[in-house]
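Okay, so here's the structure we're looking at.
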Amino acid sequence: MTNSPNPASLRGAFVAALERGDQFTAAREAKALLTEDRGLRQISFICRELERLSHVKPSLKPLKVALLSSFSIDFVRQPLVVQSFLSGIDILVYLPGFGQYQQEIRDPASGLYAFSPDIVILAVEGSDYMPEIYRDYMDELANGFDATLLRFQEDYQNLIQTFRQHSTATLLINNFAPPIRRQLGILDGQRGKGQAQLVEQMNESLATLCQKNPRVYAVDYAGLVSRHGAMHWYDERMTHYAKAPIAMDMLPFLAGEYVKFFRALTGQTKKCLVVDLDNTLWGGVLGEDGIAGIQLGSVYPGSAYLEFQREIFNLHKRGIILAIASKNNASDVEQVFTSHRGMLLKRQHFACMQVHWGQKSESLREIARQLNIGVEHIVFVDDNPAEIQEVEQTLPMVTTIKLPKQPEQFVGTLLQDGLFDSLSFSAEDRRRGEMYRQRDEAEKLRERSGNLEEFYRSLEMEVTLAHVEKTSLIRCAQMTQKTNQFNITTIRFSESELVERMKSPDWLLVSTSVRDRFGDNGIVGLMMARFRSGALDIETFLLSCRVIGRGIETAMLAYLCEQAARRGAGTIQGRIVLTPKNFPVRDLFERHRFARLEETTTGETRWMLNLNNSPVLWPDWLRVTTDAVATPENLN
Amino acid sequence: MEDQVKQVIADVLALDAKAIDEFTVKDSTASWDSLNHINLIVALEQEFQVSFDVSEIESMQSYSEILETLGRKLHG
């Protein structure tokens with residue numbers, strides 16, 4: 001609720017998205033509108049536009065919902081339509097008018113059955129159904145309540161059976177909230193048959209009925225009322241004036257509770273939670289603050305992050321698959337998992353880890369691929385609005401959650417919409433985490449057994465690293481012009497430009513040729529690096545896409561290290577200029593333990609390797625030949 | 001305040017805000033039924049952070065009466 005002027009542009013964006021049938025954007029814009037003002041006028045506006053443009057919502061799941069109640073529940077219709085839409089569900093509502101639920105259920109010719117609903121909601125206030133316990137409690141005390149409770153159970157059983165004779169729809173029954181005030185005051189909690197306790201017994205009976213009758217579920221109305229507080233939940237003024245006991249600003253929460261069931265019943269339960277790491281699973285930035293500097297533990301704010309991890313762990317125990325999408329150094333993250341004592345979540349709880357500097361949308365795609373699930377089953381959680389936006393733009397069907405600033409609000413934010421809620425919990429759900437853990441361990445074992453290197457070895461590669469010379473000149477210039485994927489800077493050169501460089505003693509121009517068991521690939525790679533003030537500066541580093549993913553780049557870098565050492569350079573430097581196509585090369589320096597120096601606003605990164613500490617070593621999966629005699633004189 | 005009231009009425013009753021004036025009364029506005037009357041009252045309460053009692057709810061039968069009642073509420 002705000003007194004700010006109407007956010008007309010937000011509304012315009014919502015309507016425009018709706019008009020062009022862009023369900024995902026329209027839902028996001030509607031959420032933004034509700035963040036601005038979640039009052040009734042906003043809900044009215046959104047609901048009306050949804051109904052006006054109902055013909056352009058083809059991709060939503062249709063659902064026919066009947067609302068039966070003992071009170072005026074018409075007011076929940078608009079919030080219910082809006083919240084359903086936010087979950088990709090297009091509902092058609094049947095409202096027979098309050099107090100009609102008995103007739104509607106018992107009359108085979110009622111409007112309810114003619115409507116042939118998918119879901120029927122039975123919302124009855126305890127005070128309407130059981131005056132003996134709510135209103136006339138003092139009069140009934142002398143009689144005891146056993147007969148009353150038994151009659152309640154029989155009546156509801158009878159109502160459910162009658163309904164089932166005429167309809168196969170799913171039946172959602174509100175359970176009962178205790179009265180706001182207890183007629184015996186503070187004595188109510190002291191005796192066996194206090195009002196609160198009697199209502200609990202009604203709810204137990206109802207739960208038993210739901211277990212016995214297929215497709216009948218209890219909606220925990222009592223829990224909902226107590227979460228929000230009965231004093232806020234009810235509007236006694238409207239109870240009397242309009243027979244509308246629930247306060248208007250609580251209706252969206254009631255609608256939200258029903259929509260959780262709609263989601264579960266239409267198969268929209270999310271299967272996988274993908275989390276960011278920095279300022280999500282812990283406070284702070286690992287790459288800047290270091291493992292000792294991140295916040296996670298018993299003291300605020302670390303305690304709030306720990307609490308968040310505990311709730312995520314609970315999701316894991318419920319059978320939700322966990323995964324990580326983080327921009328970090330994989331080795332740093334592994335270190336947190338192995339040695340940070342605050343980590344409640346362990347490496348084995350995550351079925352998939354995407355820790356690298358690539359786009360988060362790419363990570364999510366890869367996670368979906370590896371887990372063999374659709375991206376629409378993923379919930380992605382991040383604190384960074386830019387990452388959320390990137391994912392929303394690239395993969396609109398992913399559900400995103402932008403975490404608030406305060407970590408103590410993370411748990412509520414993650415769980416409020418019941419995205420992972422399901423109406424069953426099987427032995428398989430309980431074991432799912434274990435199953436993924438086993439799968440993950442098998443994969444790690446394969447990796448440890450050197451599967452990839454085994455593959456490299458099986459290729460029987462012979463790599464020749466040679467200074468660029470007259471005979472290779474044309475091919476080398478051509479590669480600078482054509483190579484897009486495995487190319488760190490994507491700078492294009494002409495032959496004459498290369499010739500100029502070949503004349504200079506500061507430049508090192510090296511071609512890479514590869515032969516393998518299948519034949520000779522010829523020249524497939526090029527490096528150009530320049531000696532400058534004690535460092536070797538790599539300007540061009542490229543490989544033809546025919547031979548990427550074979551570990552050849554390791555040999556090329558090892559060669560540069562050797563050359564640099566020979567000329568007395570202490571470091572090797574390089575940079576990566578991002579292009580839409582050079583994804584495969586982005587982790588080149590990181591994989592070879594270069595240190596990241598800086599990143600510009602355009603996404604260009606600079607890297608450095610100290611040769612005294614960790615030079616790149618020759619890989620043992622290929623044979624290398626180098627020419628020792630190439631000099632600028634070769635040109636002549 | 002007047003524009004804000006018009007905007008709330010427009011949103012809840014599906015009217016054009018520009019068409020709302022002293023001739024906008026409950027009895028001659030099709031969408032202003034008893035259900036929407038409650039919606040309108042609550043929307044005004046949310047918008048202006050006030051609470052009307054039942055006699056006030058019943059007195060606000062037109063745009064003019066809404067302005068009058070709300071004005072009294074806000075400015076005493």
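Of note:
- R0 of 51 Å, Cβ-Cβ distance A:Arg341-A:Glu204: FRET efficiency to nearest 0.05: 0.75
- Loop-resident sites, chain B, for GluC sites (Glu not before Pro), counting at most 13 other Cβ within 10 Å (DSSP): B:Glu22
- Cα-Cα over 19 Å, subset of A:Lys317/A:Lys360; A:Lys360/A:Lys581; A:Lys31/A:Lys243: A:Lys317/A:Lys360; A:Lys31/A:Lys243
- Applying both filters, DSSP loop and at most 16 other Cβ atoms within 10 Å, to the trypsin sites (Lys or Arg not before Pro) of the range A:230-338 gives A:Lys243, A:Arg318.
- Of the trypsin sites (Lys or Arg not before Pro) found in the range A:19-108, the ones in coil according to DSSP and having at most 12 other Cβ atoms within 10 Å of their Cβ are A:Arg20.
- B:Leu67/A:Thr148 FRET efficiency (R0 51 Å; Cβ-Cβ; nearest 0.05): 0.50
- Here the simple spin-label model places points 7 Å from the Cα toward Cβ, and for A:Arg135 and A:Glu453 these points are separated by 8.2 nm.
- The A:Lys402 and A:Arg623 beta-carbon pair, evaluated with R₀ = 41 Å, returns a calculated FRET efficiency of approximately 0.20.
- With the alpha-carbon atoms of the protein assembly as shown aligned to their principal axes, the span from lowest to highest coordinate is 111, 59, 50 Å, starting with the largest.
- When the P(r) of the range A:1-101 is calculated, the portion above 16 Å amounts to 56% of the C-alpha pairs.
- Longest stretch of chain A clear of exposed loop sites (GluC sites (Glu not before Pro), DSSP loop, at most 14 other Cβ atoms within 10 Å, sites excluded): A:1-459.
- Gain on full extension, evaluated as 0.36 nm per residue between A:Thr413 and A:Glu366 minus their Cα-Cα distance, stands at 14.4 nm.
- Relative intensity of the range A:240-341 on a log10 scale, I(q)/I(0) at q = 0.15, 0.17 Å⁻¹, equals -0.77, -0.87, per a Debye sum over C-alpha point scatterers of equal strength in the absence of solvent.
- Pair A:Ala32, A:His55: separation of 7 Å Cα→Cβ label points (nm): 2.7 nm
- For a straight C-alpha distance cut-off of 20 angstrom, the aspartates and glutamates reachable from A:Lys260 (same-chain residues fewer than eight places away being disregarded) are A:Asp74, A:Asp90, A:Asp118, A:Asp220, A:Asp249, A:Glu311, A:Glu376, A:Asp417, A:Asp421, A:Asp429.
- The relative contact order of chain A, computed from alpha carbon pairs under 8 Å that lie at least 6 residues apart in sequence, is 8 percent.
Every number here is computed from the coordinates shown, using simple stated rules; none is lab data. Here the structure is a predicted model, which means the values were calculated and not measured. Ideal geometry is used to build each Cβ from the backbone, glycine not excepted, and the neighbour counts take in all protein chains shown.
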